[in-house]
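First the structure, in the form of structure tokens, and then the observations on it.
Every number here is computed from the coordinates shown, using simple stated rules; none is lab data. Please read all numbers here as calculations on a predicted model, not as lab measurements. Using ideal geometry, Cβ is built from the backbone for each residue, glycine included, and neighbour counts are taken over all protein chains shown.
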Amino acid sequence: MDTISGEITVPGDKSISHRAVMLGAMARGTTVVKGFLMGEDCLSTVSCFRQLGVPVEIKEDTVIITGCGGQLQSPDAVLDAGNSGTTVRLLMGILAASPGLSAVLDGDNSLAHRPMGRVMTPLIRMGAQFASREDNYLPISVSGRQLWGISYSSPVASAQVKSAVLLAGLSAGGDTEITEPFRSRDHTERMLKAFGAKLESHGTTVALTGGQALHGCQVKVPGDISSAAFFITAALTAKEGSLGIKNVGINHTRSGIIDALREMGADIRLNNRRMSGYEEVADLHIESSDLRGAVFGGDLIPRMIDEIPALAVAALAARGSTVIKDAAELRVKESDRIEVLVKELRRMGADISERPDGLEIRGGRRLNGTAVSGYGDHRMAMALAVAGLMADGETLVKDAESVTVSFPNFWDMLALVSA
Ligand code: S3P
């Protein structure tokens, strides 16, 4: 793309939108969520809680939840989490800790191939009862019980595992503590505090005491940095111009993409930094920049796990090579993102190869537009579209409807800034 310009606002943060509905549903009183992401994933969470007997009203981008004070009802039908790992994994923690409740959880073909054992293992240690196929994949049935607190050391840095354990621990007997190898996103911890819960974090450990009630509150959802990442890459790799993205969440546990791109030479400014409730936000200003390759791994990876597809596309425009390691988690997302990125970007002429735990990208090759597939994975479709802006000729992204999972107006917004 030659020139980028404009000022945009990206839709609400997906992780925060899910949690607002979940905590609002479990709380006493009313919760009002503004800036809610009306994407398929978050709407799956809404429909699951409606089936669990919680009234949820939607008016434009505002969601009003009448909390059940922890008294969920057993649903009449299977709870369908669609494509959403956050919906199913956090629900497993909530449902397993709801005495007397029984439910069956299921999802789409992608979700049915994603590992659930990572959540079941700690919850079973807390006394949870699940039935699933031998290999711990969906569909999974849950029989709610009174659980007890545990101290758990998770082998993966996963906010979904951490959140499932903390949400179960809220109503369990005694103390619950979870430690991760690296710190994952902390939206659950921040939002629990907003709903009146007490918990402690030190290093990569979070602890809370069971038997706590939540109280409904107002939640303002910031723009999703994971959605902004595709436009940040588009702006950096444009030949000239700049882009403003207003009101983006820059929580430290999510902003690794900004640190990584700055290390590559990106000119990204964070203006008007401020707190929006318990979350930090800023207005981003991105100038088209000359990028250079860099090596990324370790604790930076969980801080940008969903943005690595956008980072990989930025690396295609950089001088020299970029290595992304310690990112094997990418293989168990909505698709195997390492495999799909390599396969589809190579079709466009990219010099990119797989590592068991990441990617190696040698930048500077011209890309040629061609037909590529998003494999039904929203972030793959968006990453390939941005690569298409950099390529000569036309790029056709097949299987692109999946963007509705996290960014329903992605195509219109891309057309707007690249016009
Ligand atoms: C999420 C956590 C991350 C992320 C996902 C959303 C969340 O997954 O990839 O898109 O909302 O907690 P893991 O916690 O499994 O790494």
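For the chain, a crude dipole built from +1 on the beta carbon of Lys and Arg and -1 on the beta carbon of Asp and Glu, taken about the Cα centre, is about 700 debye to the nearest 20. Full extension of the chain between ASP106 and ASP175 gives 21.8 nm of extra length, using 0.36 nm per residue less the Cα-Cα distance. Report for the chain the percent antiparallel among DSSP-assigned beta bridges with both residues inside it, nearest 5. In the chain, approximately 70 percent of DSSP beta bridges are antiparallel ones. For the Cα trace of the chain, dividing Rg by the Kirkwood Rh returns an Rg/Rh value of 0.97. Panel note: the C-alpha atoms of region 65-149, placed on their principal axes, show extents of 33, 30, 19 Å (largest first). Each part reduced to its alpha carbon centroid, region 67-119 and region 381-419 end up 31 Å apart. Going 7 Å from the Cα of LEU270 in the Cα-to-Cβ direction, what parts of region 196-239 have a backbone nitrogen less than 20 Å from that spot? Within reach of a label on LEU270: 203-204, 220-236. All other residues with a Cβ under 11 Å from the Cβ of GLU280 taken together, and with Lys, Arg as +1 and Asp, Glu as -1, what is their net charge? My count for the surroundings of GLU280 gives +3. For the chain, excluding the exposed loop sites themselves (GluC sites (Glu not before Pro), DSSP loop, at most 12 other Cβ atoms within 10 Å), the longest remaining stretch covers 135-393.
Extending 7 Å from Cα along the Cβ direction at TRP148 and again at LYS239 yields two label points whose distance is 6.9 nm. Checking the Cα-Cα distances for LYS325/LYS398; LYS34/LYS198; LYS34/LYS246; LYS193/LYS246; LYS162/LYS333 against a 20 Å cut-off, the pairs over it are LYS325/LYS398; LYS34/LYS198; LYS193/LYS246. Computed over neighbours whose Cβ is under 11 Å from that of LEU138, the net charge equals -1, Lys and Arg +1, Asp and Glu -1. Adding -39500 (n - 2.57) for every DSSP H run of four residues or longer, then dividing by how many residues the chain holds, sets the calculated 222 nm ellipticity at -9500 deg cm²/dmol.
Taking a ≥ b ≥ c as the square roots of the Cα gyration tensor eigenvalues, region 222-417 comes out rounded, since a/c falls below 1.5.
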